[in-house]
1. How many residues does the range 94-116 hold that are out of contact with any strand residue (DSSP E or B) (no Cβ under 7 Å at 6 or more places or on another chain) and under 30 Å from residue 178 (Cβ atoms)?
2. Could you list, in sequence order, all residues of the range 291-309 that are modelled with pLDDT of 85 or more and in contact with a helix residue (DSSP H, G or I) (Cβ under 9 Å, 6 or more places away or on another chain)?
3. Taking the stated definitions as given, is residue 54 within 22 Å of the chain's Cα centre (by Cα) and without any contact (Cβ under 8 Å) to a residue 60 or more places away in the chain?
4. Which count do you get for residues in the range 46-68 that are touching a strand residue (DSSP E or B) at 6+ places or on another chain (Cβ under 7 Å) and either outside any strand (DSSP E or B) or within 16 Å of the ligand (Cβ to nearest atom) (or both)?
5. Step by step: first the residues of the range 173-197, then only those that are part of a loop (DSSP other than H, G, I, E, B) and modelled with pLDDT of 95 or more, then the one that is surrounded by the most Cβ atoms within 10 Å (Cβ to Cβ). Which residue is that?
6. For the range 43-57, which positions are surrounded by fewer than 21 Cβ atoms within 10 Å (Cβ to Cβ) and in contact with a helix residue (DSSP H, G or I) (Cβ under 6 Å, 6 or more places away or on another chain)?
7. Give the range 125-167 a look and list any residue that's more than 16 Å from the ligand (Cβ to nearest atom) and part of a strand (DSSP E or B), or say none.
8. From the list 94, 170, which residue is surrounded by fewer than 18 Cβ atoms within 10 Å (Cβ to Cβ), within 16 Å of the ligand (Cβ to nearest atom) and either part of a helix (DSSP H, G or I) or in contact (Cβ under 8 Å) with a residue 12 or more places away in the chain (or both)?
Ligand code: SF4
């Protein structure tokens, strides 16, 4: 089947198989332009011309896990570690609310210093500010923790599966299993979280077919959000000498995900922005509709380095948001004013 026909069928609701998704990911030239155009149209159908700006508080860089690609891995003894106090996190959330944010993402390494009770307190206090959706991104935790935090008012949870290839997953995550990651994702969905997952592009040993399977996994899981970004090597990891993932394949994966998992919120990931070039801007023309901005004080930002990045001049939360709004407008985009809840969920209401 020609790419044009395949894309038309998928837009009409057809569920492609892995061979077909791989074929889309291998497209070049006019075929690729057509895929990008179709992904942009689907995005506009569901999200209009808007982009959601989410605020992310990276509140701890302690982590018990040993992910081979991540600068925060427990084995990186060079890294100075930090933890924000619960009240410090809540203060940042208040400033973000005043600056116009509608969603706060609370992200950390897998740090059990933040007990179920501590995170419950943070959630309840942030919800008491009023008008803020909370996304948790704190990794694999006990079912009871997930349940309690949902009851406390957490709205969403991000837990990337990183790769659905079990062999590759095992080689990158010696501390954990793919089965447990999937179990956590299923529990989060059962508990009623708007659930996000995602994966990396260009992991050493990853094939295009693996990426096709990653996209189909997102679809099977019926994710509400998906983060897709390039692998970027970090000096404090075993993969320091591996080449970075490509911007082009990341954009292809983003576009094909938009074609298939039509309603998911898709960010132009920080990693894509870090690699530079037109990557981030292009992402908004091939299906992305979300961008995340860091909110924690700069003294912590420099220490939350999953992969190396540039932090630029220090600015206030309000200034950074205003600058991002200007940037999006300069691209012809509008800034969304609502919380940006799951479109699948809203469709069901
Ligand atoms: S990716 Fe997450 S869980 Fe893995 S080492 Fe980094 S912070 Fe920890």
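The values are calculated or read from the model by the stated rules, or taken from the named source; none is laboratory data. On a predicted model such as this, the values are computed, not experimentally measured, just so you know. Backbone-built Cβ (ideal geometry, glycine too); neighbour counts: all protein chains shown.
1. 4
2. The answer is 291, 292, 293, 294, 295, 296, 297.
3. Details: within 22 Å of the chain's Cα centre (by Cα): yes; without any contact (Cβ under 8 Å) to a residue 60 or more places away in the chain: no.
Here the answer is no, as residue 54 does not meet what is asked.
4. Taking the range 46-68 and keeping what is touching a strand residue (DSSP E or B) at 6+ places or on another chain (Cβ under 7 Å), we get 49-60, 62.
Now narrow it down to the ones that are either outside any strand (DSSP E or B) or within 16 Å of the ligand (Cβ to nearest atom) (or both): 49, 56-60, 62.
Total satisfying the criteria: 7.
5. Start the filter on the range 173-197 by keeping residues that are part of a loop (DSSP other than H, G, I, E, B), which leaves 173-177, 191-193.
With the extra rule that they be modelled with pLDDT of 95 or more, the set shrinks to 173, 177, 191-193.
On the way: 173: 20, 177: 13, 191: 17, 192: 11, 193: 23.
Selected residue: 193.
6. 46
7. Matches in the range 125-167: 133, 134, 156.
8. Working: 94 fails: within 16 Å of the ligand (Cβ to nearest atom).
So the residue among 94, 170 that is surrounded by fewer than 18 Cβ atoms within 10 Å (Cβ to Cβ), within 16 Å of the ligand (Cβ to nearest atom) and either part of a helix (DSSP H, G or I) or in contact (Cβ under 8 Å) with a residue 12 or more places away in the chain (or both) is 170.
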